[in-house]
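S.K.: Attaching a single structure in structure tokens format; questions to follow.
The values are calculated or read from the model by the stated rules, or taken from the named source; none is laboratory data. Only a predicted model underlies this, so the values are computations on that prediction, with no experimental measurement involved. Because the Cβ atoms are built from the backbone with ideal geometry, glycine has one as well, and the counts that use them run over all protein chains shown.
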Amino acid sequence: MISEGSQVPDATLEGLDGNSLTLARYRGRPLVVYFYPKADTPGCTNEAKDFSALAGDFEKAGAAVLGVSKDPVKKLARFTEKYDLKVELASDEKGGFCEAFGTWIEKSMYGRTYMGIARATFLIDPEGKVARVWPKVKVAGHAQEVLEAVKALG
């Protein structure tokens with residue numbers, strides 16, 4: 001997993017509008033990138049709703065919030081509409097972005113191993129360096145904790 005102090009890789013994602021999206025477009029302001037396993041599942045829905053509830057506070061603090069999964073754009077668009085999400089979501093169907101951040105990992109459940117996205121969050125400073133990493137996110141209270149870290153960046 002990418003560590004604090006590292007320069008952020010600028011792999012390409014697909015935005016909900018179908019256009020390419022890179023992290024360079026956020027330079028000059030803090031950026032929160034949170035990775036989640038699958039849209040419209042309980043934990044991922046709660047996480048997206050929590051970040052959305054604080055979207056105005058992140059904006060006031062000068063930060064953008066970007067949620068990333070390997071879900072196709074159409075699924076993310078439905079997810080955004082269904083829950084009236086206020087944060088930007090992007091698709092990494094090819095997985096290059098997840099791999100660059102080290103969030104595409106081997107997981108296991110019920111004795112079965114498989115590859116999946118680690119629920120992790122990265123706070124990126126205005127210069128494009130990782131200021132803080134939350135490698136194993138527990139959803140409850142996480143968005144508020146990230147907001148406090150954004151405010152502490154100054």
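S.K.: Take region 122-137 and flag every residue that is in contact with a helix residue (DSSP H, G or I) (Cβ under 7 Å, 6 or more places away or on another chain) and among the acidic types (Asp, Glu).
M.R.: Hit for region 122-137 is ASP125, nothing else.
S.K.: Given the residues PRO30, PRO37, which is the only one that is crowded, with 19+ Cβ neighbours inside 10 Å, within 14 Å of the chain's Cα centre (by Cα), modelled with pLDDT of 90 or more and not hydrophobic (A, V, I, L, M, F, W, C)? If you could, list the steps in order and put the result at the bottom.
M.R.: Numbers: PRO37 fails: crowded, with 19+ Cβ neighbours inside 10 Å.
Unique residue meeting the criteria: PRO30.
S.K.: Output the number of residues of region 92-136 satisfying the condition of being farther than 17 Å from LEU23 by Cβ and part of a loop (DSSP other than H, G, I, E, B).
M.R.: Total satisfying the criteria: 7.
S.K.: Does region 90-107 include one or more residues that are modelled with pLDDT under 95, farther than 21 Å from LEU13 by Cβ and among the aromatic types (Phe, Trp, Tyr)?
M.R.: no
S.K.: Which condition number does ARG29 fail, the rest of (1) touching a Ser or Thr at 6+ places or on another chain (Cβ under 9 Å); (2) of a type outside the set (Ser, Thr, Tyr); (3) in a loop (DSSP other than H, G, I, E, B) being met?
M.R.: Every listed condition holds for ARG29 apart from (1).
S.K.: Right, next: From the list ALA64, ALA77, which residue is touching a Leu at 6+ places or on another chain (Cβ under 6 Å), of a type outside the set (Val, Ile, Thr), modelled with pLDDT of 95 or more and farther than 16 Å from LEU123 by Cβ? Full working, then the answer.
M.R.: Details: ALA64 fails: farther than 16 Å from LEU123 by Cβ.
ALA77 is the lone residue from the list that is touching a Leu at 6+ places or on another chain (Cβ under 6 Å), of a type outside the set (Val, Ile, Thr), modelled with pLDDT of 95 or more and farther than 16 Å from LEU123 by Cβ.
S.K.: In region 72-89, what residues are under 13 Å from GLY15 (Cβ atoms), out of contact with any helix residue (DSSP H, G or I) (no Cβ under 7 Å at 6 or more places or on another chain) and not polar (S, T, N, Q)? Quick ask: steps written out before the conclusion?
M.R.: Residues of region 72-89 under 13 Å from GLY15 (Cβ atoms): 72-74, 76-77, 80, 87-89.
Checking the rest, the ones that are also out of contact with any helix residue (DSSP H, G or I) (no Cβ under 7 Å at 6 or more places or on another chain) come to 72-74, 76-77, 80, 88.
PRO72, VAL73, LYS74, LEU76, ALA77, GLU88 - these are the residues of region 72-89 that are under 13 Å from GLY15 (Cβ atoms), out of contact with any helix residue (DSSP H, G or I) (no Cβ under 7 Å at 6 or more places or on another chain) and not polar (S, T, N, Q).
S.K.: Let me ask another. Which ones in region 32-72 are over 15 Å from GLU148 (Cα atoms), of a type in the set (A, V, I, L, M) and assigned to a helix (DSSP H, G or I)?
M.R.: If the condition is that a residue be over 15 Å from GLU148 (Cα atoms), of a type in the set (A, V, I, L, M) and assigned to a helix (DSSP H, G or I), then ALA48 is the only one that fits.
S.K.: With respect to ALA149, determine if the residue is part of a helix (DSSP H, G or I) and either without any contact (Cβ under 8 Å) to a residue 40 or more places away in the chain or farther than 13 Å from ALA64 by Cα (or both).
M.R.: Working: part of a helix (DSSP H, G or I): yes; either without any contact (Cβ under 8 Å) to a residue 40 or more places away in the chain or farther than 13 Å from ALA64 by Cα (or both): yes.
Yes.
S.K.: Applying the selection to region 78-87, what residues are crowded, with 17+ Cβ neighbours inside 10 Å and not in a loop (DSSP other than H, G, I, E, B)? Reasoning before the result, please.
M.R.: At the first step, the residues of region 78-87 found to be crowded, with 17+ Cβ neighbours inside 10 Å are 79-80, 85-87.
Residues satisfying the conditions are PHE79, THR80.
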